[in-house]
Amino acid sequence: MSVAIKNNLKIIKQRIQSACEKCGRNPSEITLVAVSKTKPDEDVLQLLGAGQLHFGENRAKSLEDRMASIKDDSIQWHFIGNLQTNKIKYMAHRVDWIQSIHKKKALKEVEKRAAEEDRIINVLIQVNISSEDQKSGCSLEDLEGILKYAHNLKHTRVLGLMGMATFTDEPERVRPEFKLLRTLRDKHMHLNGGAVDLKHLSMGMTNDLEIAIEEGSTMVRVGTAIFGERNY
């Protein structure tokens with residue numbers, strides 16, 4: 001199993017490199033977040049041994065359990081799933097990135113819990129770029145207000161935007177959604193300052209990471225192509 005997982009990681013890195021070469025970008029600009037979901041700690045540790053440092057979970061309890069069982073401080077833990085405000089307290093002691101902030105209330109809670117832990121937590125503002133009701137994320141109209149609210153935070157750093165594209169077997173169909181997220185980021189760059197520094201775009205997964213990189217992604221979130229199908 002370790003050989004398969006490490007080989008999968010190598011293939012994804014090659015895809016990232018090829019995508020960067022195609023559009024004239026440096027692969028070092030792209031952070032790969034390996035999304036382990038239901039996979040065992042052993043799989044995460046194997047990837048850690050292969051040099052992978054960024055790991056994500058999309059369920060709060062899964063992240064809480066993972067952070068408790070794997071103590072390595074070199075890991076950067078990301079929460080990428082639908083965020084319930086009352087779950088933030090369970091991850092604030094260790095999580096490094098929360099990618100799915102979509103309202104001021106969640107930012108306020110992150111700030112409160114991070115202050116209690118005397119930590120700084122990096123966050124991304126999730127925007128609903130697919131217009132699908134089941135997808136989380138703030139509306140395009142609400143983004144400016146959230147960023148203005150974040151400006152004076154002390155224990156929370158807003159470092160960019162995150163978007164979940166439409167699920168499709170035709171990657172080119174989601175290019176306009178990725179373009180939209182980049183356009184939104186660029187449009188709001190004038191709000192940089194204080195706790196806001198919009199340098200990251202988290203967009204792109206297994207099926208569409210090449211398109212996302214071409215459109216400016218700095219973080220891609222890959223699960224199945226590295227770990228295999230999830231265990232239910």
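The values are calculated or read from the model by the stated rules, or taken from the named source; none is laboratory data. Since this is a predicted model, take the numbers as computed values, not measurements. Note that we place each Cβ from the backbone using ideal geometry, even for glycine, and neighbour counts take in every protein chain shown.
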Qualifying positions in the range 26-40 - modelled with pLDDT of 95 or more and surrounded by fewer than 18 Cβ atoms within 10 Å (Cβ to Cβ):
Asn26, Pro27, Ser28, Glu29
What are the residues in the range 199-231 that are among the acidic types (Asp, Glu) and out of contact with any Lys or Arg (no Cβ under 8 Å at 6 or more places or on another chain), if any?
Asp208, Glu229
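Could you tell me which residue of the range 35-63 is farthest from Val220 (Cα to Cα), considering only residues that are of a type in the set (Lys, Arg) and touching a residue at least 60 places away in the same chain (Cβ under 8 Å)? Give the derivation first.
Filtering the range 35-63 for residues of a type in the set (Lys, Arg) gives 37, 39, 59, 61.
Next cut, touching a residue at least 60 places away in the same chain (Cβ under 8 Å) only: 37, 39.
Working: Lys37: 15, Lys39: 19 Å.
For the range 35-63, the residue satisfying everything is Lys39.
If you take the residues in the range 174-193 that are in a helix (DSSP H, G or I) and either free of Cβ contacts under 8 Å to residues at least 12 places away in the same chain or touching a Pro at 6+ places or on another chain (Cβ under 8 Å) (or both), which one is farthest from Ile213 (Cα to Cα)?
First, pick out the residues of the range 174-193 that are in a helix (DSSP H, G or I): 174-187, 189-191.
Still in the running and either free of Cβ contacts under 8 Å to residues at least 12 places away in the same chain or touching a Pro at 6+ places or on another chain (Cβ under 8 Å) (or both): 176, 183, 186-187, 189-190.
Values: Pro176: 13, Thr183: 14, Asp186: 16, Lys187: 19, Met189: 20, His190: 23 Å.
Taking the candidates together, the pick is His190.
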Every listed condition ((1) assigned to a loop (DSSP other than H, G, I, E, B); (2) in contact with a helix residue (DSSP H, G or I) (Cβ under 8 Å, 6 or more places away or on another chain); (3) closer than 26 Å to Arg182 by Cβ) holds for Asn82 save (2)
Taking the options Thr218, Thr156, name whichever one is over 22 Å from Gln17 (Cα atoms) and of a type in the set (Ser, Thr, Tyr).
Thr156
With the requirement that a residue be touching a Leu at 6+ places or on another chain (Cβ under 7 Å), in a loop (DSSP other than H, G, I, E, B) and either acidic (Asp, Glu) or under 15 Å from Lys87 (Cα atoms) (or both), what does the range 53-77 give you?
Asp72
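Starting from residues that are polar (S, T, N, Q) and in contact with a Ser or Thr (Cβ under 6 Å, 6 or more places away or on another chain), keep the ones in the range 108-135 and report whichever is modelled with the highest pLDDT. If you could, list the steps in order and put the result at the bottom.
Here is the first cut: in the range 108-135, the residues polar (S, T, N, Q) are 122, 126, 128, 130-131, 134.
Filter once more, keeping what is in contact with a Ser or Thr (Cβ under 6 Å, 6 or more places away or on another chain): 126, 130.
On the way: Gln126: 97, Ser130: 89.
Here the answer is Gln126.
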Determine, yes or no, whether Asn152 is farther than 24 Å from Asp41 by Cα and over 18 Å from the mean Cα position of the chain (by Cα).
yes
Which residue pairs have Cβ atoms under 8 Å apart, sit 6 or more places apart or on different chains, and have a first residue in the range 1-20 that is surrounded by fewer than 13 Cβ atoms within 10 Å (Cβ to Cβ) and a second that is polar (S, T, N, Q)?
Met1/Gln46
Residue list for the range 16-51, restricted to those being assigned to a helix (DSSP H, G or I), of a type outside the set (A, V, I, L, M, F, W, C) and within 22 Å of His78 (Cα to Cα):
Pro27, Ser28, Glu29, Asp41, Glu42, Asp43, Gln46, Gly49
Take the residues in the range 86-122 that are closer than 21 Å to Val35 by Cα and of a type in the set (S, T, N, Q); name whichever of them is surrounded by the fewest Cβ atoms within 10 Å (Cβ to Cβ).
Asn122
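What do you reckon, is Glu177 at pLDDT 95 or above and surrounded by 13 or more Cβ atoms within 10 Å (Cβ to Cβ)? Steps first, answer last, please.
Values: at pLDDT 95 or above: yes; surrounded by 13 or more Cβ atoms within 10 Å (Cβ to Cβ): yes.
Yes.
Among the residues of the range 124-134, are any small (Gly, Ala, Ser) and within 16 Å of the chain's Cα centre (by Cα)? Walk me through how you get there before you give the answer.
First pass over the range 124-134, keeping only residues small (Gly, Ala, Ser): 130-131.
Then drop every residue that is not within 16 Å of the chain's Cα centre (by Cα), which leaves none.
No, every residue in the range 124-134 fails to be small (Gly, Ala, Ser) and within 16 Å of the chain's Cα centre (by Cα).
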